[in-house]
Amino acid sequence: MSKHSKFIGTGVAIVTPFKKDGSIDFNSLAKLVNFIIKGGVEYVVVLGTTGESVTLSKEEKELVVNFVVKTVNKRVPVVLGLGGNNTLEIVKSLKKDSFKGIDAILSVSPYYNKPNQRGIYQHYKAIAQASPLPIILYNVPGRTSSNMTAETTLQLAKDFKNIIAIKEASGNLEQCMKIIKHRPKDFLVISGDDMLTLPIIASGGDGVISVVANAFPKDYSEMTRQILKGNVKEAQKLHYKLTDIIEQLFADGNPGGIKAVLNLLKVCPDNLRLPLVNVNKATQTALTDLVKKYK
């Protein structure tokens, strides 16, 4: 068992609920946090991509983080999304911000700038040297336009003890397996793709930071636990129970899809902040039908 076992299993990249006027809906946020913890997930991730963090002001981010930490009330670990393409600003935040109630940092690989592998390495080196908390790397080429290679991930894992894991959302199973095969002891490989969690864990991975578990925390976290135990058939049943919904969640953008489902389940409204908009009619219809049939 890894010494970072609190991050093995299912983490949830929680949405940020908004009211119709665009303000943060804290009542719905509390309802969501309690809903997913009751569903049996291992930890929550606040201010990730699914949380629309890039559309929140600094003051709003502080309010959301403090509210989530208070609502969680130490029932499960809390991971904070803190990343970007301005290395110096991230380092400044790591040195001066308060991280009371936060157990780790999830930091996305720099986007838009399109750094090469040496630049990505130096970016994370600066973060690792400044961070008072463990760091989970986040590779998501579909959003950053640059892939962090297995070689870069492994070098960072070997060079910095406080870099404890990677959330791998490249969709490249070969790359994930290469990291798993050559990683140092206790370094975690976490799926960043709900559809690929089962095969990644079956290959030796350690869990997932999930979107679909916002809405179906019980079944999805149980699927993760079963495949971690090696109970393939039990895990497969739950995996295939959710695959159609997972496919539709991303058919017209995230978090539009998951907010549509959460609205159908009466957990929180489906309001988003521009430039994001609600899912199209076809996706909404498909999700409505799937949720109605879900048992």
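Summary of computed values
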{"quantity": "Filter result for M195 (within 21 Å of T243 (Cα to Cα) and either surrounded by fewer than 21 Cβ atoms within 10 Å (Cβ to Cβ) or touching a strand residue (DSSP E or B) at 6+ places or on another chain (Cβ under 6 Å) (or both))", "calculated": "yes"}
{"quantity": "Residue that is surrounded by the fewest Cβ atoms within 10 Å (Cβ to Cβ), among those in region 157-178 that are under 14 Å from the mean Cα position of the chain (by Cα) and in a loop (DSSP other than H, G, I, E, B)", "calculated": "S170"}
{"quantity": "Odd one out for K96 among (1) exposed (fewer than 14 other Cβ atoms within 10 Å of the Cβ); (2) at pLDDT 95 or above", "calculated": "(2)"}
{"quantity": "Residue satisfying condition, being under 18 Å from G171 (Cβ atoms), among the aliphatic types (A, V, I, L, M), touching a residue at least 60 places away in the same chain (Cβ under 8 Å) and touching a helix residue (DSSP H, G or I) at 6+ places or on another chain (Cβ under 6 Å), within set V211, V267", "calculated": "V211"}
{"quantity": "Extreme residue, farthest from K181 (Cα to Cα), among residues of region 139-152 that are over 18 Å from the mean Cα position of the chain (by Cα) and part of a helix (DSSP H, G or I)", "calculated": "T152"}
{"quantity": "Cβ pairs under 8 Å, 6+ apart, first in region 247-261 and closer than 16 Å to G51 by Cβ, second of a type in the set (F, W, Y) and at pLDDT 95 or above", "calculated": "G257/F250"}
{"quantity": "Pair list, Cβ < 8 Å and 6+ apart or interchain, from region 215-232 residues that are closer than 15 Å to I14 by Cα to residues that are outside any helix (DSSP H, G or I) and among the acidic types (D, E)", "calculated": "S221/E42"}
{"quantity": "Criterion violated by L63 - all others in (1) over 24 Å from K218 (Cα atoms); (2) of a type in the set (A, V, I, L, M); (3) not in a helix (DSSP H, G or I) satisfied", "calculated": "(3)"}
{"quantity": "Any hit, region 51-59, residues being more than 22 Å from T144 (Cα to Cα), surrounded by 14 or more Cβ atoms within 10 Å (Cβ to Cβ) and in contact (Cβ under 8 Å) with a residue 12 or more places away in the chain", "calculated": "no"}
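The values are calculated or read from the model by the stated rules, or taken from the named source; none is laboratory data. Note that the structure is predicted; figures quoted are calculated from it, not measured. Backbone-built Cβ (ideal geometry, glycine too); neighbour counts: all protein chains shown.
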